[in-house]
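Q: Got a structure here, written out as C-alpha cells. Questions coming.
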Amino acid sequence: MRQYTTLKLTKRETIANVNLQWSDPSQLNAVGLSELLQLINEIEDDETCKLIIFWGLDVQQTAIAAPPTFDACSKWEKFLRRLERFAGASIAAIDGYCTRFHVQLALACDYRVATARSLFQIPEVKEGYLPGMGVFRLAKYTGVGVARRLLFTGAQFSVEEAIALGIVDRACETTALEQTIEDVQQALMPIHPQVLQNTRRLLNESFATSYEDAIGHYLAVQDLCLSQLPERT
C-alpha cells in the first residue's frame with residue numbers, strides 16, 4: 001500500500017477509509033492533488049474495494065482564502081469526476097465546520113453523514129470565483145432557487161437545514177459518528193459495483209436526458225445485470 005503525506009488510507013476487507021490531513025482545506029496544493037489522483041488510481045486498481053469513506057471534512061480555516069489556480073481546479077475536478085464514476089459507493093463523514101473543497105467533496109459522494117455540531121458554508125462566490133462544479137452538483141440536491149441563495153449569500157447553514165435541503169442524509173452526535181457510519185455501511189451492503197455505477201449514471205443523466213434516450217441505456221445495462229445473476233431454482 002502506498003504511503004501518503006496529505007491523507008491516510010487504511011483498508012479493511014472491501015472498505016477504504018481515507019482520512020484527509022490537509023493543513024488548510026481552503027487550498028489545493030500540488031502535493032495534495034497529486035496524492036488524491038494517486039489514491040483514486042490505487043482504489044480503482046483494487047477490485048475488492050466496494051466502498052470509500054472520507055473522514056476529516058471539518059478542519060477550521062481562515063475566513064478568506066487565496067483563490068485556487070486554474071490548473072488546480074482542473075485536476076481537482078478530474079479527481080471528483082473519477083470518484084463519481086467509481087464502481088462502488090462513497091460516504092462523507094463530517095464533524096464540524098465544512099466548507100470550500102470539503103463541501104465540494106461531500107457533494108460528489110453518494111452519502112453524507114454529519115454530526116449535530118456541523119456547520120456548512122460555500123463562500124467562494126462572495127469572494128469572486130466559483131466553488132468548483134459544486135455549482136452544478138448543489139442544485140441537483142436543493143433545486144436552483146435554494147442553490148442560488150446559498151451560493152450568492154455565502155451564509156452558514158446548520159446540519160438541520162442541510163438535512164432539510166437534501167445535502168446531508170443523516171445526522172448524529174459526535175460520539176456516535178463511527179457507529180452511524182457503520183450503520184450506513186450495513187445499509188448500503190451488499191454493493192453490486194456495476195449495478196450501483198450504472199444506477200448513479202442514470203440518476204445523474206435524469207436531469208438532462210429524455211426518457212427516450214435514457215431507456216436504451218437502461219435496457220442495455222439491465223440485460224447485462226440480469227445475465228450475471230445466479231439462476232433461481
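Q: Past the 30 Å Cα-Cα mark, which pairs from Lys50/Lys78; Lys11/Lys126; Lys8/Lys126? Each step should come with its number before you reach the end.
A: Values: Lys50/Lys78 20 Å; Lys11/Lys126 39 Å; Lys8/Lys126 32 Å.
Exceeds cut-off: Lys11/Lys126; Lys8/Lys126.
Q: Right, another one. Accessible area per residue for the chain in Å², computed with a 1.4 Å probe and the full protein assembly in place, what is it?
A: Values: 12410 Å² over 233 residues.
With the other protein chains kept in place, the chain gives 53 Å² per residue.
Q: Sorted by packing (mean other beta-carbon atoms within 10 Å per residue), highest first, where do 128-136, 66-74, 110-118 land? Please list the in-between numbers first.
A: Details: 128-136: 16.2, 66-74: 13.7, 110-118: 21.3.
Ranking the peptides 128-136, 66-74, 110-118 by packing returns 110-118, 128-136, 66-74.
Q: Compare the Cα positions of Leu20, Met133, Ser210 along the charge dipole of the chain (+1 at Cβ of Lys, Arg; -1 at Cβ of Asp, Glu; about the Cα centre) and return the one farthest towards the positive end.
A: Met133
Q: Dipole of the stretch 96-194, Cα-centred, from +1 at each Lys and Arg C-beta and -1 at each Asp and Glu C-beta, to the nearest 20 debye? Don't skip to the answer; put the middle values down first.
A: Working: 9 positive and 10 negative charges, 97 e Å.
My answer is approximately 460 debye.
Q: Another question about this same structure. Return the percentage of antiparallel bridges among DSSP beta bridges fully within the chain, rounded to the nearest 5 %. Intermediate results must be reported in sequence, preceding the final value.
A: On the way: 8 of 27 bridges.
In the chain, DSSP labels about 30 percent of beta bridges as antiparallel.
Q: On to the next question. Which trypsin sites (Lys or Arg not before Pro) from the stretch 1-71 combine a DSSP loop assignment with at most 12 other Cβ atoms within 10 Å?
A: Details: sites: Arg2, Lys8, Lys11, Arg12, Lys50; in loops: Arg2, Lys50.
Qualifying residues, ordered by number: Arg2.
Q: Same structure, new question: Got a sec to turn the phi values of the stretch 5-20 into Karplus ³J(HN,Hα) couplings, 6.51 cos²θ - 1.76 cosθ + 1.60 with θ = phi - 60°, whole Hz, x for Gly and Pro?
A: Karplus values, whole Hz, x for Gly and Pro: 10, 10, 7, 10, 10, 10, 10, 9, 6, 9, 10, 10, 9, 10, 9, 6.
Q: Tally up the carbon and sulfur contribution to the accessible surface of the chain as a whole percent, 1.4 Å probe, everything protein left in place. List each step's numbers first, then the result.
A: Details: 6900 of 12410 Å².
Solvent-exposed carbon and sulfur of the chain make up 56 percent of the total.
Q: Work out from phi, with θ = phi - 60° and the Karplus expression 6.51 cos²θ - 1.76 cosθ + 1.60, the ³J(HN,Hα) of each residue of the stretch 75-80, listed in order in whole Hz, and give x for Gly and Pro.
A: 5, 4, 5, 4, 5, 4
Q: Only loop residues by DSSP count here, and only those with at most 11 other Cβ atoms within 10 Å; note down the chymotrypsin sites (Phe, Trp or Tyr not before Pro) in the stretch 177-233 that meet that.
A: Details: sites: Phe207, Tyr211, Tyr218; in loops: Phe207.
Sparse-neighbourhood loop chymotrypsin sites (Phe, Trp or Tyr not before Pro): Phe207.
Q: Given a 1.4 Å probe and heavy atoms of the protein chains only, how would you sort Thr99, Thr142, largest accessible area at the top?
A: Solvent-accessible surface, decreasing: Thr142, Thr99.
Q: Now for a different question. Return one number: the angle in degrees, 0 to 90 and rounded to the nearest 10, between the long axis of the Cα atoms of helix 144-153 and the longest principal axis of the Cα atoms of the chain.
A: Tilt of helix 144-153: around 30 degrees.
Q: I'd like the Karplus ³J(HN,Hα) series for the stretch 166-174: coefficients 6.51, -1.76, 1.60, θ = phi - 60°, whole numbers in Hz, and an x wherever there's a Gly or Pro.
A: These are the phi-based 3J(HN,Hα) values: x, 7, 10, 8, 7, 10, 7, 6, 4 Hz.
Q: Under a 5 Å amide H to amide H cut-off, with H placed in plane at 1.01 Å, what residues pair with Cys98 once short-range neighbours are removed?
A: Hits under the 5 Å cutoff: Leu119, Phe120, Gln121.
The values are calculated or read from the model by the stated rules, or taken from the named source; none is laboratory data. Keep in mind that what you see is a predicted model, and the values were worked out from it rather than measured. For neighbour counting, all protein chains shown are included, and Cβ atoms are generated from backbone atoms with ideal geometry for every residue, glycine included. The protein model used for the area step is the full one, side chains on, heavy atoms only, and it has no ligands, DNA or RNA in it. Shrake-Rupley method; radii C 1.70, N 1.55, O 1.52, S 1.80 Å.
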